[in-house]
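The values are calculated or read from the model by the stated rules, or taken from the named source; none is laboratory data. Nothing here was measured: the structure is a model prediction, and the numbers come from that model. We place every Cβ from the backbone using ideal geometry, glycine too, and count neighbours over all the protein chains shown. The accessibility values were calculated without ligands, DNA or RNA, using every heavy atom of the protein model including side chains. Shrake-Rupley method; radii C 1.70, N 1.55, O 1.52, S 1.80 Å.
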Amino acid sequence: RTPSASVSEDGRWLFVTLADGYETNGIDVLDLRNPQAPPRTIFGAWDALYSIRGLDGDTLYVETTNGAPRGRVIAVDLRDPAPRAWRELVSQQDYALQDAHYVGGHLLLNYVRDARSMVRIHDRDGKFLQELALPGFGTVAGFGGKGKDFETYFSYTDYVTPGSVQRLNLADLSVREWSRAKLAVDTDRFVTEQVFYTSRDGTRVPMFITHRRDLVK
């Protein structure tokens, strides 16, 4: 088992994550205010993946596959981390949760839906606020930051859009482009559409078609 450590934003807690493959892990915590404090196990059943995404007071925001192979978000009280006391903030969806972030008092959940990114924004109690408007059928990554930040940044790209960095204002949840890679080609001449086909076993398969705008199909 491979250990790794991180310190909470307020400097009080040391979290030690023990990795064991890609399906299960464990997490211990130490109170840094007390040099003699022994480690306490928060997650020790080795029954799922647990990733700490943020801390607000004594409340941990955790992304987990516990009871949810496609991922969900729970709140765990450090004073009582037993499973019976967990609160589910965002339940498992029909699409896979790629990663979750707690920034500026918001939960930013990056899903993969039909082979493209979809970002849903919730408040700290799990209430759905809105889906992030993206320029097209692309891929996003990023959303780094702290619990009290007022902004965060993420990257976006798709088949006809060069890599760009977008700024998300966490006060009004508006998005504006911050920077974009410059290419020596006019990609506005092309367009991408998404279609679906059914395979022989009944699986609904997404497919992207990129072509010139003036193409007669």
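For the stretch 172-217, the set of residues classified as over 28 Å from T152 (Cα atoms), surrounded by 10 or more Cβ atoms within 10 Å (Cβ to Cβ) and of a type in the set (S, T, N, Q) consists of Q194, T210, listed by residue number. Counting residues in the stretch 85-93 that are aliphatic (A, V, I, L, M) and under 19 Å from S4 (Cβ atoms) gives zero. Among the residues of the stretch 70-77, is there at least one that is surrounded by fewer than 19 Cβ atoms within 10 Å (Cβ to Cβ) and out of contact with any strand residue (DSSP E or B) (no Cβ under 7 Å at 6 or more places or on another chain)? There is no residue in the stretch 70-77 that is surrounded by fewer than 19 Cβ atoms within 10 Å (Cβ to Cβ) and out of contact with any strand residue (DSSP E or B) (no Cβ under 7 Å at 6 or more places or on another chain). Out of all the residues in the stretch 59-66, is one or more within 15 Å of R87 (Cα to Cα), in contact with a strand residue (DSSP E or B) (Cβ under 6 Å, 6 or more places away or on another chain) and either among the charged types (D, E, K, R) or open to solvent by 50 Å² or more (accessible area, probe 1.4 Å) (or both)? There is at least one residue in the stretch 59-66 that is within 15 Å of R87 (Cα to Cα), in contact with a strand residue (DSSP E or B) (Cβ under 6 Å, 6 or more places away or on another chain) and either among the charged types (D, E, K, R) or open to solvent by 50 Å² or more (accessible area, probe 1.4 Å) (or both). Among the residues of the stretch 44-68, those identified as farther than 21 Å from R124 by Cβ and either of a type in the set (F, W, Y) or within 15 Å of the chain's Cα centre (by Cα) (or both) are W46, L49, T65. Taken over the stretch 149-171, the criterion of being open to solvent by less than 20 Å² (accessible area, probe 1.4 Å), in a strand (DSSP E or B) and of a type outside the set (S, T, N, Q) is satisfied by F154, Y156, L168. Restricting attention to the stretch 175-217, the residues that are in a loop (DSSP other than H, G, I, E, B), polar (S, T, N, Q) and closer than 27 Å to L108 by Cβ total 0.
Scanning the stretch 113-148 for residues that are more than 16 Å from the chain's Cα centre (by Cα) and surrounded by 14 or more Cβ atoms within 10 Å (Cβ to Cβ) turns up D114, P135, G136, F137.
Across the stretch 125-144, the qualifying residues are those that are part of a strand (DSSP E or B), touching a Ser or Thr at 6+ places or on another chain (Cβ under 9 Å) and not hydrophobic (A, V, I, L, M, F, W, C), and the one among them that is farthest from S174 (Cα to Cα) is T139.
For (1) within 28 Å of Y159 (Cα to Cα); (2) at pLDDT below 95, each residue gets a yes or a no:
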{"residue": "Y61", "(1), (2)": "no, no"}
{"residue": "I74", "(1), (2)": "no, no"}
{"residue": "R84", "(1), (2)": "no, no"}
{"residue": "D99", "(1), (2)": "yes, no"}
{"residue": "H122", "(1), (2)": "no, no"}
{"residue": "L134", "(1), (2)": "yes, yes"}
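Taking into account only those residues within the stretch 17-33 that are buried (at least 19 other Cβ atoms within 10 Å of the Cβ) and hydrophobic (A, V, I, L, M, F, W, C), which is farthest from L55 (Cα to Cα)? Going through the qualifying residues, I end up with I27.
In this entry, L89 passes the filter for residues that are among the aliphatic types (A, V, I, L, M), touching an Asp or Glu at 6+ places or on another chain (Cβ under 8 Å) and over 28 Å from G163 (Cβ atoms).
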